[in-house]
Structure formats: C-alpha cells, structure tokens
Amino acid sequence: MAESNDWWTAPAESDDGRLIMVSGRRDIQSFRANPRFSIRIEIQWIYSDAPDAGMPNDHDAELMGQATDALAEVLAADPVAVITGIFTGAGERTWVFYTLSTHIFQKKLNQALADLPTLPRIITAENDPTWAAYTEMSQLEIQA
C-alpha cells in the first residue's frame, strides 16, 4: 500500500492545561478502507526529565526522532501497520498505529528499535474497526 507521508501538526491541551503537539497523518485511505487494519496500537513513552512545559529534553527528543524514523522505515518496507498520529507534550510521547496483527506488529517494532537503547514504553492495543480514534484526532487539524 503506497502512502504519501503527508502530515499536519496542531497544538492541543492536556487535562492539566499543558501544551501537547498533535501530528496526524493524511492520505491513509488505503489502510483505512482495508477492514484488516482494525487494531489500534499506542506506544507511550513517559519522560521524567521534562522542562516545566512538559516537552522532552534534547536527548529524549533526539531518541524519539530516531525511533520515529526507524519505525517509518521498517513499516515502509513491510506495511503491516501505519503510523497515524504522534502526540508530544505534558511529559509523554505517544505514537499511534493501526495494524492487522499485534504479533506481526510486535516483530516489526522490535526490528525497528533493535539498534536503539532500551526505551521506556507502555504499549496498549484495542480494536477500532471504524477508526473512531483517528476520526476524533483528525478534528484537531487546523484548516487553512
């Protein structure tokens, strides 16, 4: 499945009023139209050494960028999942994916992150066949 890697970014606010930058992906219709891509996975990294604003320090931000690039590269070569959103702020980074298999996704995740140091992460998965969470996130996009 070809994808254009077209993203938007908009500010949002956490429950406690801190800034969260939300980046959402456009042009994922081929994944969304495929009923096999019904599992939503979140990978959450809670970073403790965040400045008062809740954004990552420079070291964590660099590692997060490397992790994002590695995940994108592995999934471009074998599109068993698609990254649809990235939330950064309020002391955490969350990557959101839709996939067809948690087992295959786990293998691809391990492959992508193999060359990086062990990262603090919490992984959750849920069925979301209608992509309701993606639709909700997409409403944050600021239209020109």
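Among Leu71, Leu116, Leu140, Leu109, rank each residue by its count of other Cβ atoms within 10 Å, from fewest to most, as a rough exposure measure.
Leu116, Leu140, Leu71, Leu109
To the nearest 20 Debye, how big is the dipole of the chain about its Cα centre, given +1 on the beta carbon of each Lys and Arg and -1 on that of each Asp and Glu?
Taking the Cα centre of the chain as origin, the dipole is about 600 debye.
Give the Rg/Rh ratio for the stretch 1-48, taking Rg as the radius of gyration of the Cα atoms and Rh as the Kirkwood radius, to two decimals.
Rg divided by Rh gives 1.07.
To the nearest 0.05, what FRET efficiency results for Glu126 and Ser101 with a Förster distance of 22 Å applied to their C-beta separation?
Efficiency at R0 = 22 Å is approximately 0.95.
For Glu13 and Ala77 in one chain, what is 0.36 nm times their gap in residues minus the Cα-Cα distance, to one decimal in nm?
19.6 nm
Calculate one ³J(HN,Hα) per residue across the stretch 116-121 by plugging θ = phi - 60° into the Karplus curve 6.51 cos²θ - 1.76 cosθ + 1.60, and present them in order as whole Hz with x for glycine and proline.
After applying 6.51 cos²θ - 1.76 cosθ + 1.60, I find 9, x, 4, 9, x, 8 Hz.
Arrange Val96, Val74 by Cβ neighbour counts within 10 Å, fewest through most, would you?
Val74, Val96
If each of Asp58 and Met21 carries a label point 7 Å out from its Cα toward its Cβ, how far apart are those two points in nm?
About 1.6 nm separates the two model spin labels.
Quick one: the Cα spread of the chain along its three principal axes, in angstroms, biggest first?
Here the spans come out as 42, 39, 25 Å, largest first.
Could you give the length gained by full extension between Ile142 and Arg32, i.e. 0.36 nm per residue of separation minus their alpha carbon distance, to one decimal place?
Full extension of this stretch gives 37.5 nm more.
Any read-out appearing in this document is the output of simple, stated calculations on the displayed coordinates, not a laboratory observation. Every value quoted in this text rests on a predicted model; they were computed, and no experiment measured them. Here the Cβ is made from the backbone with ideal geometry for all residues, glycine too, and neighbour counts use every protein chain on show.
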